[in-house]
Amino acid sequence: MYLARFSYDVMPVDRQRAIEFIQRELEAARKNGLNARLLIPLTRGPGGPALQFEVELTSLDQLDQFRSRGVHSDQETGDWMHAFSEILTAPPEVELLRVG
């Protein structure tokens, strides 16, 4: 099994809006039968992410499928990614971890 962790950097003023974007991603993952969770760090060190999203995968192919069609249709996913990117202060970081 794999764990894909997406780290997002946003300004404090945009934090609630970012949470709403990530919640849409979370719902899409769950509708696709994936275990996913939103992580909100209580403290943030220099360079640390403001918010994180994790999704469990049984294969790396699932990551490509989810990222290309994660939030409903291809068009909706593209629109979601574009709107979310407007409040990000840096590109998202993605970590892939092998679990078990």
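The values are calculated or read from the model by the stated rules, or taken from the named source; none is laboratory data. It should be emphasised that the depicted structure is a prediction, and the values quoted were computed from it without experimental measurement. Reconstructed Cβ throughout: ideal geometry from the backbone, glycine too, with neighbour counts over all protein chains shown.
If I go through the stretch 44-82 residue by residue, how many of them are modelled with pLDDT under 80 and of a type in the set (Val, Ile, Thr)?
Residues that pass the stated criteria total 2.
If you go through the stretch 3-13 one residue at a time, do you hit one that is over 18 Å from PRO92 (Cβ atoms) and out of contact with any Asp or Glu (no Cβ under 6 Å at 6 or more places or on another chain)?
Yes, the stretch 3-13 has at least one match.
Cβ-Cβ under 8 Å, sequence separation 6+ or interchain: first residue in the stretch 14-25 and under 19 Å from ALA90 (Cβ atoms), partner among the small types (Gly, Ala, Ser) and in a helix (DSSP H, G or I). Which pairs?
PHE21/ALA83
So, VAL10, is that one in contact (Cβ under 8 Å) with a residue 60 or more places away in the chain and buried (at least 16 other Cβ atoms within 10 Å of the Cβ) or not?
Details: in contact (Cβ under 8 Å) with a residue 60 or more places away in the chain: yes; buried (at least 16 other Cβ atoms within 10 Å of the Cβ): yes.
Judged against the criteria, VAL10 is a match.
Can you pull out every residue in the stretch 21-61 that is surrounded by fewer than 11 Cβ atoms within 10 Å (Cβ to Cβ) and of a type in the set (Asp, Glu)?
Across the stretch 21-61, the qualifying residue is only ASP61.
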